[in-house]
Amino acid sequence: MALDDLTHEFLTRPYAVYDRLRESTPVHRTVGPDGLPVWIVTRYDDVREALANPQLSLDKRNGTPGGYRGFRLPPALDANLLNMDAPDHTRIRRLVTKTFTARRIEQLREPIRHIADELLDGIATDGQTELIASYAAPLPINAICELLGVPREARRDFRVWTDALLLPDPARPDAARNAVGQLIAYVRDLLEHKRREPADDLLSALIAVRDEPGPDGTDRLSEDELTSLVFLILFVGYENTVHVIGTSVLALLRDPRLFAELRQNPVKVAAAVDEFMRYEGSALLAIRRFPIVDLTIGGVTVPAGETVMLCLAAANRDPSRFPEPDRIDLDRDAQGHVALGHGLHHCLGAHLARLELEIALTALLERFPLLALNTDEGSLRWRPSIRSRGLLALPVRY
């Protein structure tokens, strides 16, 4: 399987492809769009171990020189945790976790529920809707902006810019670059505003970390690191949550028994969130990594500098770790899934992602007991991506 082999089978049934790889060549060498080797790792034990291995670098400078020819982010957005190793990654992560706490996220429960109810109020009288555009997409962008302290009037722009990066339009080749420029300008203006008028939000707290260094002057964020961090929270938090809300709702619509059980026992939703993420998390592949030395993964030696893609989706459907992995089991202990990563690079926004999915599903189940798919499942369109799993649209009736 070539990395860019976007066949209909892969887009609609990626897990069948992963099953074959896991059983035949669990560390699979293929060729990327740039013509250079790519290694896809599919077994749970191998993926989890590799996620925590410091000899697998996220820093592009440790990759094969000239190997990446795609769109590159400018320095103001590229200085983020997904491109860093220790010690910079450790420094920034330590600073951020002082402010991006579980307590701060839990304080968003009521505001996020209010956002969900407002969105459902807006579609409640129509009898049908396209759920990604009307609910799954606006909920997380509003939640993240609430967390950061972005004014309501600017949130639509944030969504437009993020969508331009997520789904580039071939007919508008400059759209992504224009979106990047507008995003940087807005974030920089917002940072200056928050410096003048700090509030009780994450952005103001991060600015305090940026502008008040430790005694030796080194324990701080640079301006590019701060801007990149805001971008990462916005971009990754939005993309991943949109997709997992959509795929989780689809899973419920496929299984009326599951739908009824959660509706009758809403307290089960919070416990089921990790199972939904395991079953169909939004990230099929973790961010690319590069061995800093010749490295043995699953008994196979991967040369230093070549690209390694850890298949989170395949690991989460590995029957050696999760029995009967292709069904949702509300009583399964899904702890240990890798949908949110593992180790040093475990998702910074894991608490927020779980909270948003819990609230999104709970509110929807309460409001629409007769929710049903409003199209043939075979006509559903998936994002044309090998990196993330998400529906382009989810037509429903209620």
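The numbers here are math on the coordinates, done by the rules we state, and not lab data. Because the structure is a prediction, the values reported are computed rather than measured. Cβ atoms come from the backbone with ideal geometry, glycine included; neighbour counts cover every protein chain shown.
Tabulated results
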| read-out | value |
| --- | --- |
| Student exercise, the stretch 8-397 dipole from Lys, Arg, Asp, Glu Cβ charges, in Debye to nearest 20 | 440 debye |
| Derived scalar couplings ³J(HN,Hα) [the stretch 264-270; Karplus, 6.51 cos²θ - 1.76 cosθ + 1.60; whole Hz; x for Gly, Pro] | 6, 10, x, 5, 6, 4, 4 |
| Long-range HN-HN contacts of Ser388 with modeled amide H, under 5 Å | Leu284 |
| q = 0.14 Å⁻¹: log10 I(q)/I(0) that the Debye formula gives for the chain, counting C-alpha atoms only | -1.39 |
| Karplus 3J(HN,Hα) series, Hz, for the stretch 347-364 with 6.51 cos²θ - 1.76 cosθ + 1.60 (x for Gly, Pro) | 3, 4, x, 4, 4, 5, 4, 5, 5, 5, 5, 4, 5, 4, 6, 4, 5, 5 |
| Point-to-point label distance, Thr375-Gln55, nm (Cα→Cβ direction, 7 Å offset) | 4.7 nm |
| Net lengthening on full extension, Thr25/Glu324 (0.36 nm per residue, minus Cα-Cα) | 105.5 nm |
| Rounded FRET efficiency, nearest 0.05, which uses the C-beta distance separating Glu366 from Arg156 and R0 of 25 Å | 0.40 |
| Lys194, Lys98, Lys60 arranged by Cβ crowding within 10 Å, fewest neighbours leading | Lys98, Lys60, Lys194 |
| 25 Å Cα-Cα reach of Lys98 towards lysines, excluding residues that sit fewer than 8 places from it in its own chain | Lys194 |
| Exposure proxy ranking, count of Cβ atoms within 10 Å, fewest first, for Val244, Val308 | Val308, Val244 |
| Rounded to whole Hz, the Karplus (6.51, -1.76, 1.60) HN-Hα couplings of the stretch 314-326, x for glycine and proline | 5, 4, 6, 10, 7, x, 6, 10, 10, x, 6, x, 8 |
